[in-house]
Amino acid sequence: MANGLDVELPGGKWLGRLGWLLGGVGLVALAGIVAASLVPATLVAEKENRRLMEMQPAPFAQTPASAESVNERVVFGDLPDEVKRFETNGDFFFVTVSAPEQSLLSWFAGRSDPAIDLLTTEDKFGVRTASQRREAALQQMRSASQEAQFVALTAAGYEPEISLGEVVVEEVLCREIGDDGLCAEFFPSDLAIDPSDTILEAEGKELNSVEDLSAVLDGKLPGDTIDLKIRRPDVGILDVTVELAASPDDPTRTIVGFRPFDTRVVTLPFQVDIDTGRIGGPSAGLAFTLALIDELTDGELTGGRNIAVTGTISLDGSVGPIGGLSQKVSAVHQHHVDVFLVPASQRELAEGEDELRKKLNDAGHGDVEIIPVATLDEALQALEDLGGDPLVPVNITLS
């Protein structure tokens, strides 16, 4: 401004036009990002369906989710005077993954990220119905919680009891594997029963356990039929007839042709539970077990630090593999936990934990210390090597 008049500086017009141009480019770029976030990834994302041996759209991706304290989910009832609950400074964390739908933008951003795995619709949902998937996941979590309680209390020095539970179908068995490694033929029972069915009666006899079903099958031959009463999720009670078959492991034994869920019921000497909420699947079994042991025995298994844990737990103390290990390592890092106990049988560890850790670290998912364990005893020893206290079982006899 000079003498109340506007003065145009040299090059002002060009600077103004450049500003408008850059602003326009920015708006176009922003519009492109918004559009890419709305367009489904199926336009470009594909993955092979091994069952069908064909490429299919991959609308979902398995991604890191959360790492949550198990200790905060342990719930005790009224404890006998002899039973003590010990304070802990460190927590055990169980880890989850998610499988959200992907946009073109999220696919582009994560296309080379080792912590993101593309999923077809079948990868995410399988070939089961929604109710079957829900029932299976909840049954697996219930079993994991029960097994963790049994193993933990046994290790802590108590004497829980275990009994057989109802007969629930986990999956129909495959009779013949094809050249592609997938099932070419299922047992005849596939025509009548589905995963997550509960078998209530066989030949009119009420079933309280798998042993009851075995008793009904005694004397039956392959090719015979039996009548079953089943309860199917979201359907109700059904009467079906099933053709029996010979066991693939023992031709002299006649079977229905399915694998049952482990529905054994644990009876504890006092009330304790694990609030699993809406979490499905069995992968938190080892984490549950260690958290319970730590709360029921003197000393600190964690040595006062936070420890992430994943892996199934069996009644003999063996630790089984889980899904989504790469995503879980990333989730552990994001929640600032730097030690992760994982199943030694994980296929991702075939090249060694150092290779997996390096791959994730190079992608920005942090340098988490991965410790493979095959049994509960190995997990306890690993914790002791990290500075935790050794397990000292209690010496208590409950009336």
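Computed from the coordinates by the stated procedures, all read-outs in this text should not be read as laboratory data. In this text, all values refer to a predicted model and were calculated from it rather than measured experimentally. Cβ: placed from backbone, ideal geometry, glycine included. Neighbour counts: every protein chain shown.
Can you give me the long-range amide H partners of residue 90? Hydrogens built in the peptide plane at 1.01 Å from N, cutoff under 5 Å, separation of 5 or more residues or another chain.
Correct list: 304, 305.
Aspartates and glutamates near residue 84 by alpha-carbon distance under 15 Å, same-chain residues fewer than 8 away left out - which ones?
294, 295, 298, 300
Give me the number: length gained by fully extending residue 78 to residue 53, i.e. 0.36 nm times residue separation minus the C-alpha to C-alpha distance, one decimal in nm. Walk me through the numbers on the way to the answer.
Details: separation 25, 0.36 × 25 = 9.00 nm, distance 5.59 nm.
Contour length minus Cα-Cα distance gives 3.4 nm.
List the relative contact order of segment 167-260 as a percent without decimals, with contacts defined as Cα pairs under 8 Å and 6+ residues apart. Before the final figure, lay out the partial values.
Details: 192 pairs, mean separation 29.6, N = 94.
Relative contact order, segment 167-260: 32 percent.
Restricted to Cα positions, what overall size does segment 238-341 have along the principal axes? Three whole-Å values, descending.
56, 38, 30 Å, listed from the longest principal axis down.
Label residue 218 and residue 395 with points 7 Å out from Cα along Cα→Cβ: what is the distance between them in nm?
About 4.5 nm, to one decimal.
Each label point is 7 Å from the Cα along the Cα-to-Cβ direction; what then is the distance between the points at residue 237 and residue 179, in nm?
It works out to 4.9 nm between the two label points.
Determine which aspartates and glutamates satisfy two conditions relative to residue 220: a Cα distance under 20 Å, and not lying fewer than 8 residues away in the same chain.
Reachable aspartates and glutamates: 190, 201, 203, 206, 211, 212, 239, 243, 249, 250.
Just order 304-314, 265-275 by mean Cβ neighbour count inside 10 Å, highest at the front, would you?
Values: 304-314: 23.3, 265-275: 15.5.
The densest-packed peptide leads the list: 304-314, 265-275.
When you count, for each residue, the other Cβ atoms within 10 Å and take the mean per peptide, how do 207-219, 324-336, 166-178 rank with the highest first? Walk me through the intermediate numbers first.
Values: 207-219: 15.0, 324-336: 22.9, 166-178: 17.5.
The peptides rank, most packed first, as 324-336, 166-178, 207-219.
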